[in-house]
1. Using the structure shown, decide if residue 127 is buried (at least 20 other Cβ atoms within 10 Å of the Cβ), under 19 Å from residue 72 (Cα atoms) and modelled with pLDDT under 95.
2. Could you run through the range 60-92 and say how many residues are assigned to a loop (DSSP other than H, G, I, E, B) and out of contact with any strand residue (DSSP E or B) (no Cβ under 8 Å at 6 or more places or on another chain)?
3. Filter the range 25-59 down to the residues that are in contact with a helix residue (DSSP H, G or I) (Cβ under 7 Å, 6 or more places away or on another chain) and not in a loop (DSSP other than H, G, I, E, B), then identify the one that is modelled with the lowest pLDDT.
4. Which residues, taken from the range 125-143, are touching a strand residue (DSSP E or B) at 6+ places or on another chain (Cβ under 8 Å), closer than 21 Å to residue 172 by Cα and touching a residue at least 40 places away in the same chain (Cβ under 8 Å)?
């Protein structure tokens with residue numbers, strides 16, 4: 001007896017910021033499993049490390065981590081292309097409820113990620129009111145060994161992963177989420193927090209509590 005097994009259909013992904021680190025690894029793993037990938041880079045090889053929060057530093061982080069991703073997502077949503085899920089790579093540094101006071105030198109980065117979280121939540125709420133099927137997710141990829149993490153910090157970083165380990169876990173988390181989770185924040189390993197409730201206008205209290213942000 002023989003049984004024909006149908007392979008799951010390939011998906012199409014747009015990875016914005018794929019020149020290195022987590023974005024590069026997302027593109028690599030998605031291509032490896034047979035999906036179609038469109039990948040973009042901003043400035044190949046560009047480096048930036050804020051030693052203090054000047055106007056230019058703050059503007060750089062806001063443009064890179066908040067304005068760029070949000071405008072890019074808006075343009076795609078308005079393009080007429082059917083968008084299944086939009087994932088914003090955020091950070092626990094942007095959590096307002098789990099403030100990380102020891103992260104000296106990361107204030108502009110943290111503020112930009114907090115702004116990203118709020119913009120994405122509004123985007124998700126607006127799409128729901130319009131009866132859109134697009135899912136908006138925010139994802140903390142964990143402590144990943146990228147160029148950004150390769151700096152001398154004033155605190156110990158625990159539980160670091162390779163980009164491959166982080167992305168592999170992130171993909172599993174992403175693919176368990178649907179419309180009910182749109183506008184919520186998750187960790188790479190699908191963790192949730194027992195302390196925060198989320199309600200949405202016109203919706204009942206959902207029966208899980210996302211990571212504190």
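1. Taking the combined requirement at face value, the residue does not satisfy it.
2. Of the residues in that region, 6 qualify.
3. My answer is 57.
4. Once the filter is applied, which keeps residues that are touching a strand residue (DSSP E or B) at 6+ places or on another chain (Cβ under 8 Å), closer than 21 Å to residue 172 by Cα and touching a residue at least 40 places away in the same chain (Cβ under 8 Å), the range 125-143 yields 134, 135, 136, 137, 138, 139, 140, 141, 142.
The values are calculated or read from the model by the stated rules, or taken from the named source; none is laboratory data. Fair warning: this is a prediction, and the values are worked out from it, not measured in the lab. Here the Cβ is made from the backbone with ideal geometry for all residues, glycine too, and neighbour counts use every protein chain on show.
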